[in-house]
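Here is the structure we will look at.
The values are calculated or read from the model by the stated rules, or taken from the named source; none is laboratory data. Computed from a predicted model, the values in this text were never measured in an experiment. Just the protein is used for accessible areas: all its heavy atoms, side chains included, with ligands, DNA and RNA removed. Shrake-Rupley method; radii C 1.70, N 1.55, O 1.52, S 1.80 Å.
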Amino acid sequence: MITLRIQTPVEGFTGEVVGVSFVDGFGETEDENAIAYFIRQGFGLDGSAPEGTELEPEVELEPEYEPED
């Protein structure tokens, strides 16, 4: 079995969810049922950010064209 690192949607969470212990927002498990639960609930898996927490990439905007009169 493969052990996956899980990240909680709540930053810094310490506690237990479906039998998996989390410290400072991170835990590990091989339990396929727990992994399926975490996927459904939007937890991050193996380095991916939890659903809804990914930062938008910064886009450099060009100044708007202002015609001269």
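Structure data summary
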{"item": "Residue in region 16-36 that is at pLDDT below 70 and outside any strand (DSSP E or B) present", "result": "no"}
{"item": "Candidate set: region 14-29, residues that are under 16 Å from the mean Cα position of the chain (by Cα) and of a type in the set (A, V, I, L, M); chosen: the one least open to solvent (accessible area, probe 1.4 Å)", "result": "V17"}
{"item": "Looking only at region 1-13, and only at residues there that are open to solvent by less than 90 Å² (accessible area, probe 1.4 Å) and assigned to a loop (DSSP other than H, G, I, E, B), the one that is farthest from N33 (Cα to Cα)", "result": "G12"}
